[in-house]
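A short worksheet on the structure shown next.
Throughout, read-outs are computed from the coordinates displayed, never taken from laboratory work. What you see is a predicted model; the values in this text were computed from it and never measured. When we count neighbours, we look across all protein chains shown, and the Cβ atoms used for this are built from the backbone with ideal geometry, even at glycine.
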Amino acid sequence: MTRGRTLKVVTIVATLVLWEGIVRLGFVNQIILAAPSDIVAAAAKDGGVFMRAFAVTIAEIVAAIIVAWVLGVVLGVIAGSSHMLAAATAPVLSSIFAIPLIIVYPLLMAWLGIGPLSRIVFGVLSGFFPIALNTIDGVRAIEHRFLVFARSIGASRPQIYARIIFPLALPSIVSGLRIGTGLVVIGVVVTEMLASLGGIGYVISYHRTLFDTGHVYFGIFLALLIAVALNAGLTRLNRRVEVWRTREQESLHG
Amino acid sequence: MSKSIIQVDELGKTFSAGRAQVRALADVSFSIEEGRFVTLVGPSGCGKSTLLQIIAGLVGPTTGEVRIEGERISAPMPDKIGMVFQDPTLLPWKTALANVEFPLDLRGVERTVRRRRCAALLDLVGLREFADHYPHELSGGMRQRVAIARGLAQDPRLILMDEPFAALDEQSRTRMGHDLLDIWEKTGKTVFFITHSLTEAIYLSDRVLVMSPRPGRILESIAIEFPRPRELDIIGSEAFGSIRNRIWHLIAEAQP
């Protein structure tokens, strides 16, 4: 083991021991802070419940992400490629984006029930706006010369969208996806906590009312896992599309 | 006389800017024979680029018509016309070779075929070793060479060039002009070239068309008789200077 790695392990172990000690010695109430051993015990006791809830949440998030990405990018590209449509839609979209959308969730529940559908739809709503807005921005920023060039080589309309407009707008689209995807996760988990009988959010909320703090912490840990994994994937994607953009800028200025 | 590849007849173009009508071109007529290098010069804003865009089928004329090889143009004809713009407009996520291949890629030309043809074109423009470089790794002049190779990719008989070297420093610009003549002689294409540099126009061309300030019309067509292949030294010659003077006076006296 290298020295840096040893240090890391020592730090983690020391933190856990300290954490456990603080709770066991009664410095902090166990309802406020669960000891690491409580969290492990919760996971061991109700592992099956957690895994089923985890699967439900992941399925809802994946469904909401797919719909939010496709809707946001497709509608964003369409709105962005017309000056009039962009001028008409962008202010409306950004106003809606500024509203805390959770206020419409009671309506969604009334319309769609408390099953997964209302949570997926709310997740989509949460993520859609930043994705669409960033896509519109990215498409609007494309210089006219690229479109003139595309027409001069006889590119068809679908080719212009797929081979010129979409890749040129991609860096902006991906930053929209990063923001939007995070909001999808929040939207799904929060609505699970508010009113539902499934998913990680529900498990957290249920055990909170029973003061099973170990369960609550393990649930939070699982929700964090999803968010961290998604963010890591998107960061990688972002790095890939950023490469040529930053280099392009460097070469223009250097 | 060889047959004309571009035939421009009584072309006029009026733009409406709000309520005002701006006449960009008025009654422009000329023709260009196959295989020639013809340059259009004129003051900034005289409608040179508009004329080029109409010839390319990118913009429709208000009056008159353009025929390419006898066919009236109403839309871009990528198999007949290759274009090179002032900005190379390369796709930043593609290598030099992939940029040259791009027009063929869109037309569904098979990978091995287009790769072979485009590698040869990169070789022609002197960038064989830079095939795998991305645009940001190339100098301004090299990027414009890639754009020229790309303009040749669909093997058109006519190349339209809109101030392709305007953004380059003088040294690269002179060299690019010299190399362009070399490419032109090797490929036998017809080139219609726009510039506002009189020296560049005279050095490159068989014929220089002189355009008036807006509304643009052709003031005169001047044949340039220097033998080819040309050497840069002719630029300093007395004959060259007197042609340049003549064009300069034509443009200056046409100022309103």
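Tabulated data for the structure shown
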item: Mean shadow area of the range A:38-253, taken as a quarter of the surface of its Cα convex hull (nm²); result: 14.6
item: Where N is the number of residues in the range A:31-104, Cα Rg divided by 2.2 N^0.38 Å; result: 1.84
item: Two-site FRET efficiency, A:M84 against B:R23, from Cβ-Cβ distance with R₀ of 35 Å, rounded to 0.05; result: 0.80
item: Calculated FRET value between B:I234 and B:T62, using beta carbons and R₀ = 56 Å, to 0.05; result: 0.90
item: Gained length - A:Q159 relative to A:E143, 0.36 nm times residue gap less alpha-carbon distance; result: 4.1 nm
item: Residue exposure sequence - B:E253, A:E20, B:E101 - by fewest surrounding Cβ within 10 Å; result: B:E253, A:E20, B:E101
item: Partner lysines for B:K3 [C-alpha distance under 18 Å; skip if fewer than 8 residues away on the same chain]; result: B:K80, B:K189
item: All-pairs Cα distance distribution in the range B:117-231, expressed in whole percent, bin size 10 Å; result: 12, 43, 33, 10, 2
item: Enclosed volume per residue, in Å³, of the convex hull spanned by Cα atoms of the range B:89-155; result: 73
item: Kirkwood Rh in Å, taken over all unlike Cα pairs in the range B:1-52; result: 12.6
item: Area projected by the alpha carbon convex hull of the range A:130-176, averaged over all directions, nm²; result: 2.9
item: Mean-position separation - Cα centroids, the range B:70-100 and the range B:204-239, in angstrom; result: 26
item: Label zone at A:L210, where the point sits 7 Å out along the Cα-to-Cβ direction: the range A:41-59 residues whose backbone N lies under 19 Å; result: A:41-57
item: Three principal axis lengths of the range B:52-201 [C-alpha, angstrom, descending]; result: 46, 40, 28
item: Average projected area [Cα convex hull, the protein assembly as shown], square nanometres; result: 34.3
item: Cα-based reach from B:K48 at 20 Å (exclusive), listing lysines while leaving out same-chain residues under 8 positions away; result: B:K13
item: Rounded to 10°, Cα long-axis angle of helix B:111-124 versus longest principal axis of chain B; result: 60
item: √(5λ) per eigenvalue of the Cα gyration tensor, chain B, largest first, Å; result: 29, 23, 17
item: Amide H contacts under 5 Å for B:V22, placed H, 5+ residues apart; result: B:F15, B:S16, B:A17
item: In degrees, nearest ten, helix B:170-187 long axis to first principal axis of chain B (Cα); result: 80
item: Equivalent-ellipsoid semi-axes of the range A:8-70, from the Cα gyration tensor, Å, largest first; result: 33, 16, 12
item: Overall Cα dimensions of the range B:150-204 - principal axes, largest extent first, Å; result: 29, 20, 18
item: Using alpha-carbon coordinates, inclination of helix A:166-194 to the longest axis of chain A, degrees; result: 30
item: Per residue convex hull volume, Cα atoms of the range A:139-213, in Å³; result: 114
item: Value of [θ]222 nm, deg cm²/dmol, for chain B, DSSP H segments ≥ 4, -39500 (n - 2.57) each, nearest 500; result: -11000 deg cm²/dmol
item: Where only C-alpha atoms are counted, convex hull volume of the range B:6-86 per residue in Å³; result: 110
item: Peptide A:153-159, shielding by other chains (average Cβ, 10 Å cutoff); result: 5
